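Remarks on the structure that follows.
FYI, it's all coordinate maths here, none of it is from the lab. Please read these numbers as outputs of a predicted model, since none were measured by experiment. Methodologically, a virtual Cβ is constructed for each residue, glycine included, from the backbone with ideal geometry; neighbour enumeration extends over all protein chains shown.
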Amino acid sequence: MVRASLGVNPWSVLYEGLEKHTSLSFGTISAVVGVLVLLLWIPLKQRPKLGTVANIIVLAYSSDLGLSLIPEHLGLPARAGLLVGGVLLNGFSIAVYVGARFGPGPRDGLMTGVSGITTRSIRLIRTLIEIIVLAAGWLLGGSVGIGTVLYALTVGAITQFLLPRFAYRGNDAQRERTVRAGVTQRDARQYRTVLRRPPRPELGRHAQGSPGDE
């Protein structure tokens, strides 16, 4: 999306706007905002995990790698392809790593946390977050392009569409197997208890007979 030069994602617009009003660098602002977003996790009962840290570290290095591999000053058709591909790949990557259940990154954790609290769809919550961030960044003086608007309006829908296809369900399957095993063991114990139970007195007397029966 950076090489497409048609507008970056809304969070980058926010960082750019804040950069104009502070003495902090773009990268420092990104880190500070990430920490502030993590603080919003507290009322949402979200907890950082391995994926949260990996998101911050891997994203930084992979972004630098991508910028070193993709050339600048491309023609409009190539830039349009990079833009569409960037939006689609970003939605895909969110679905894959959030679906792994190792913990989302700061901004994606905000999305899943709000969605869980409000019971609203990922698509709606992510779109609203991106629009709010985009508006704040634009008001602060960040540059907005067609790619920014496209990202804000579509990344939530792409993520919601792909997330069920990559969500890890191992814990759910294990829990189901555990419940089934527990039921089976319980039934077996009850069956063994019935077998060990001595016959009731009245049934014993009837089976053995009594002097009055003769």
**Highest-first arrangement of 126-137, 63-74, where packing means the average Cβ count within 10 Å** = 126-137, 63-74
**Share of Cα-Cα pairs in the range 1-102 lying beyond 17 Å, as whole percent** = 63
**Prompt:** Label points 7 Å out from Cα along the Cβ direction at residue 26 and residue 76: separation in nm?
**Reply:** 2.5
**Asked** Using modelled backbone amide H atoms (1.01 Å from N, in-plane), which distant-in-sequence or interchain residues come within less than 5 Å of residue 7's amide H?
**Response** 147
**Message:** Using just the Cα positions, wrap the range 41-153 in a convex hull and report its mean projected area in square nanometres, one decimal place.
**Reply:** 8.1
**Complete:** Listed by chain and number, the residues whose amide H is under 5 Å from that of residue 121, excluding neighbours fewer than 5 places away on the same chain and using placed H, are none
**Prompt:** Could you give the distance between the Cα centres of the range 67-98 and the range 1-43, to the whole Å?
**Reply:** 19
